[in-house]
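Student: Encoded as structure tokens, here's the structure I'll be asking about.
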């Protein structure tokens with residue numbers, strides 16, 4: 001799964017202080033809870049739960065998620081897409 005193509009359903013990361021610890025876990029090969037994603041009508045993928053974890057994968061240098069690192073729901077769950085998640089990792093908030 002290409003991380004850089006995944007859409008966020010949040011305007012900002014509310015608990016950025018969590019991210020360095022998650023990055024350390026990823027780099028150490030420790031278990032990180034799977035990210036919950038959903039498929040949109042147009043075929044794009046969006047985050048349902050796990051914005052901080054997915055941001056940590058990006059900040060650890062990853063560009064893809066392995067299959068065991070996410071759960072993909074078939075169909076949207078009603079959350080509105082805001083932007084590609086990579087925009088939240090650049091230190092700015094959207095909107």
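Student: For region 12-29, check the following and say yes or no: at least one residue is surrounded by fewer than 13 Cβ atoms within 10 Å (Cβ to Cβ), touching a helix residue (DSSP H, G or I) at 6+ places or on another chain (Cβ under 9 Å) and assigned to a loop (DSSP other than H, G, I, E, B).
Tutor: Yes - at least one qualifying residue is present in region 12-29.
Student: Name the single residue that is modelled with the highest pLDDT among those in region 74-92 being over 13 Å from the mean Cα position of the chain (by Cα) and surrounded by 13 or more Cβ atoms within 10 Å (Cβ to Cβ).
Tutor: Step one: list which residues in region 74-92 are over 13 Å from the mean Cα position of the chain (by Cα), which gives 74-80, 90-92.
In the following step, the residues that additionally are surrounded by 13 or more Cβ atoms within 10 Å (Cβ to Cβ) were identified as 76, 79.
Values: 76: 63, 79: 73.
Among them, the one singled out is 79.
Student: Counting just the residues of region 61-73 that are at pLDDT below 95 and in a loop (DSSP other than H, G, I, E, B), which one comes out surrounded by the most Cβ atoms within 10 Å (Cβ to Cβ)?
Tutor: Looking at the filtered set, the residue picked out is 62.
Student: Next question, about the same structure. In region 48-65, how many are more than 19 Å from residue 11 (Cβ to Cβ) and out of contact with any helix residue (DSSP H, G or I) (no Cβ under 8 Å at 6 or more places or on another chain)?
Tutor: So the answer is 1.
Student: Determine which single condition residue 35 fails, assuming it passes every other condition in (1) free of Cβ contacts under 8 Å to residues at least 24 places away in the same chain; (2) surrounded by 19 or more Cβ atoms within 10 Å (Cβ to Cβ).
Tutor: The single condition residue 35 does not satisfy is (1).
Student: Here is a check on your reading of the model: is residue 47 surrounded by 16 or more Cβ atoms within 10 Å (Cβ to Cβ) and in a helix (DSSP H, G or I)? I'd like the intermediate steps shown before the answer.
Tutor: Working: surrounded by 16 or more Cβ atoms within 10 Å (Cβ to Cβ): yes; in a helix (DSSP H, G or I): no.
In short, no.
The values are calculated or read from the model by the stated rules, or taken from the named source; none is laboratory data. No experiment lies behind these values; they were computed from the predicted model shown. For neighbour counting, all protein chains shown are included, and Cβ atoms are generated from backbone atoms with ideal geometry for every residue, glycine included.
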